[in-house]
1. Out of the total accessible area of the stretch 194-252 (probe 1.4 Å, heavy atoms of protein only), what percent is carbon and sulfur?
2. Cα centroids of the stretch 376-440 and the stretch 130-187: how far apart, whole angstrom?
3. Tell me the carbon and sulfur percent of the accessible area for the stretch 285-440, rounded to whole percent, probe radius 1.4 Å.
4. What accessible area per residue comes out for the chain, rounded to a whole number of Å², with a 1.4 Å probe?
5. Hey, any idea what % of the stretch 117-174's accessible area is carbon plus sulfur with a 1.4 Å probe?
6. Under 5 Å between amide hydrogens, which residues at least 5 positions from I391 or on another chain qualify, with H placed 1.01 Å from N in the peptide plane?
7. Shape verdict for the stretch 11-142, please, from the Cα gyration tensor: rounded (a/c under 1.5), prolate (a/b greater than b/c) or oblate.
8. What spacing in nm lies between the two simple spin-label points modelled at R149 and Y78, each 7 Å away from Cα in the Cβ direction?
Amino acid sequence: YAGLDAIVTAGAWHALNRDRNPPSSYRIDMDAIPMFERMQSNGMAVDVDHFVRLEAELTEKMMAKAWHVSNTYNDGVYFNPNSGMQVAALLFDRMELRSDKFTKSGSRLATDDKVLEALRNSHPVVADVIEYRELATMRDKFAKQIPVRVSRDGRVRGSIKTTRVETGRPSMSNPNLLAIPVRSEWGKVIRNGFIAPEGRKLGSCDLSQIELRVMAHLSGDVNMIRLFNEGKDLHRWAASNMFGIREEDVDEMKHRYAAKRVGFGVGTGIQAEGLLDQMKLAGVYNYSLKDCEIFIRDWLKAFPQFHAFMQHCRVEAKRQGYVEDMWGRIRYLPGASCPFPQIRNEAERQSHSHKIQGSAAGIMKRAMKEIWDVMPSIWEQGIYFEPLLQIYDDFMCEFDPAYEELVSGVVEWAMTKSVELIVPVTADFKSGFKWGSMKK
């Protein structure tokens, strides 16, 4: 088996590179492997008692929520919010709520997260079901799983995979720490269970708005480039244009958040339905589907060269059958020429999404290589510094707090020098003794 595995791999290599030299992405991937290996070996320190208490708390809240729904809406008969059949019967039969989305088998109306979010304001029971399911996810995927995976040294080590995601981003399993929710209070509680051992501190450095900066670089959009070069708030400026108001009158949640969600989503082909879902997840319910369609249209009007870039990517995918990011990573998209609109639209969305996300992932890997190269000089000074995790545009580490200024300076310098774009590349370092409570 081992011999055959090597032969097939070698054959695939020659077939893929018959007419071209290895792209830059190959060297970038190879250079990042030592850092990923080190992260996987280090793992993260865990407060086991925190997760034991959290599991009990989440279980108690789940039971209370289930009985509340049972007694309030189901005539006292026990109701399981995790059961799709029971939720469908309660919402669509008893409460007579309306939906046009069915399960894949078509046997009943769907009750997945997107459907429930769309119905959240239709009846109070929907919010109760959503809350129960979030509690169940936090308990079953994290509060229960993490303590049993902790090694004798008090650290948990997930499996980091570098070849599973088309854009080149890493993935993780057993446990998947990359899946802990970001915009959730329970996600923050879960993160606070990952701690710095005694005498050490956690650090986190992220490449600020790197995907938006890549969008500006690849598209050459004049407005994007000007805003970044002048150090202005792109989302506030976009909100001002979208809503036709002065920048000083832009409200954080009512205006800027809408522009921010469009800005981060439009590059990956977000549609009005997806934008509305994201708004609702953030607790913003005062916009309709039509409003979201207008937001996307007006955002693209504010950045016309980026809109043209998206159209160019779609044409390129249809003409070639694939697209490449700025490092040469290929994404094959045969669906771009498919006669079925649903398949074709998805391929078109992926054409510019791959260029943006793949390029950003490559920048992050180059940043990790820069950090890896300076780590020996830190160790030679007898300073404790170890990498822990890479989450999208964020690099996490563990270090001796006595040398925080040196570590933060080195990490920020290494990350910002990893690439030169048309716009400045900036990095922000924050630290703390718990993952969920780090500050600048």
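1. Details: 990 of 2420 Å².
The computed percentage sits at 41.
2. After rounding, the separation between the Cα centres reads 22 Å.
3. Details: 3830 of 7300 Å².
Reported share for carbon and sulfur atoms: 53 percent.
4. Details: 21940 Å² over 440 residues.
Here the residues of the chain average 50 Å² of exposed surface.
5. Details: 1210 of 2830 Å².
Whole-percent figure for carbon plus sulfur exposure: 43.
6. Those lying under 5 Å, H to H, from I391 are M396.
7. Values: a/c = 4.23, a/b = 1.74, b/c = 2.43.
In terms of gyration-tensor shape, oblate.
8. 3.0 nm
The values are calculated or read from the model by the stated rules, or taken from the named source; none is laboratory data. Every value quoted in this text rests on a predicted model; they were computed, and no experiment measured them. Note that we place each Cβ from the backbone using ideal geometry, even for glycine, and neighbour counts take in every protein chain shown. Heavy atoms of the whole protein, side chains included, go into the accessibility calculation; ligands, DNA and RNA do not. Shrake-Rupley method; radii C 1.70, N 1.55, O 1.52, S 1.80 Å.
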